[in-house]
Amino acid sequence: MTAIEQTEAARPRGTRLPRRARRNQLLGAAQEVFVAQGYHAAAMDDIAERAGVSKPVLYQHFPGKLDLYLALLDQHCESLIQAVRGALASTTDNKQRVRATMDAYFAYVEDDGGAFRLVFESDLTNEPAVRERVDKVTKDCAEAICEVIAEDTGLSRAESMLLASGLGGLAQVVARSWLHSDRSVPRDQAVQLLTSLAWRGIAGFPLHGTEHH
């Protein structure tokens, strides 16, 4: 059950929940409010109301609005990192690795909760703690891709990191563009188109220890 689903299940006031369940419920409510309103327009009153709790209960778990936002960022940044790592580990076929990685980004932005907006479309990127997390998720995803490129091509780490950053950036920007275009192209087709584009580039680097023909 997602945090938002837990929020829906626990909406009525007066329900006593275990601390972990209450925290997840509050995070789900905060996510709904932040995604809908943005950080600056959101208020702790709105989040407490959405969760069906009093403000004192909310403050027992999170001292302030920024603490809530950062907790959500930590959660959803880690989700993307794990999704990318899982995609890369899902096969040893490099073309399928590219496809799985592209699809991981599409799945991430398509999630009903809209958490990707907190990560990639935040209105709080001037806050150092937010900027640090956004930069870290981009870097960690690129490093996961970099490891595969470096191992398979024999390119230097610096060269592999440049290519990995390009692939990750391509996937993230195109996935968001696809979502904002109301998914006018079916997801599978969009992923395949992007995979074809990315593969034609990365396939130009021969496997380490083989001759390029």
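The values are calculated or read from the model by the stated rules, or taken from the named source; none is laboratory data. What you see is a predicted model, and the numbers here were worked out from it, not measured in a lab. Note that we place each Cβ from the backbone using ideal geometry, even for glycine, and neighbour counts take in every protein chain shown. Ligands, DNA and RNA are excluded from the accessible area calculation, which covers all protein heavy atoms including side chains. Shrake-Rupley method; radii C 1.70, N 1.55, O 1.52, S 1.80 Å.
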- [ ] Would you tally the residues in the range 93-118 being polar (S, T, N, Q) and either without any contact (Cβ under 8 Å) to a residue 60 or more places away in the chain or in contact with a Lys or Arg (Cβ under 6 Å, 6 or more places away or on another chain) (or both)?
- [x] 1
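Among the listed residues Ala89, Ala71, identify the single one that is at pLDDT 95 or above, under 19 Å from the mean Cα position of the chain (by Cα) and closer than 24 Å to Glu151 by Cα. Can you show your working first?
Details: Ala71 fails: closer than 24 Å to Glu151 by Cα.
None of the other options fit; the residue is Ala89.
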Open item on the list: Is it the case, given these coordinates, that Val109 is closer than 30 Å to Asp188 by Cβ and outside any loop (DSSP other than H, G, I, E, B)?
Closed with: yes
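Residues that are farther than 20 Å from Leu88 by Cβ, outside any loop (DSSP other than H, G, I, E, B), open to solvent by less than 50 Å² (accessible area, probe 1.4 Å) and modelled with pLDDT of 95 or more: does the range 132-151 have at least one?
Going residue by residue through the range 132-151, those that are farther than 20 Å from Leu88 by Cβ are 132-135.
Subset that is outside any loop (DSSP other than H, G, I, E, B): 132-135.
With open to solvent by less than 50 Å² (accessible area, probe 1.4 Å) added as a condition, the list becomes 134.
Restricting the remaining residues to those that are modelled with pLDDT of 95 or more gives 134.
Yes, that holds for at least one residue.
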TODO: Kindly provide the set of residues from the range 152-184 that are assigned to a loop (DSSP other than H, G, I, E, B) and either charged (D, E, K, R) or surrounded by fewer than 13 Cβ atoms within 10 Å (Cβ to Cβ) (or both), ordered by number.
DONE: Ser156, Ser181, Asp182, Arg183, Ser184
Open item on the list: Please go through the range 35-48 and give me each residue that is part of a helix (DSSP H, G or I) and surrounded by 17 or more Cβ atoms within 10 Å (Cβ to Cβ), ordered by number.
Closed with: Val35, Asp46, Ile47, Ala48
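Any idea which of Glu127, Glu121 is closer than 23 Å to Val33 by Cα, open to solvent by 30 Å² or more (accessible area, probe 1.4 Å) and touching a residue at least 60 places away in the same chain (Cβ under 8 Å)?
Details: Glu121 fails: touching a residue at least 60 places away in the same chain (Cβ under 8 Å).
Only one candidate passes the filter, namely Glu127.
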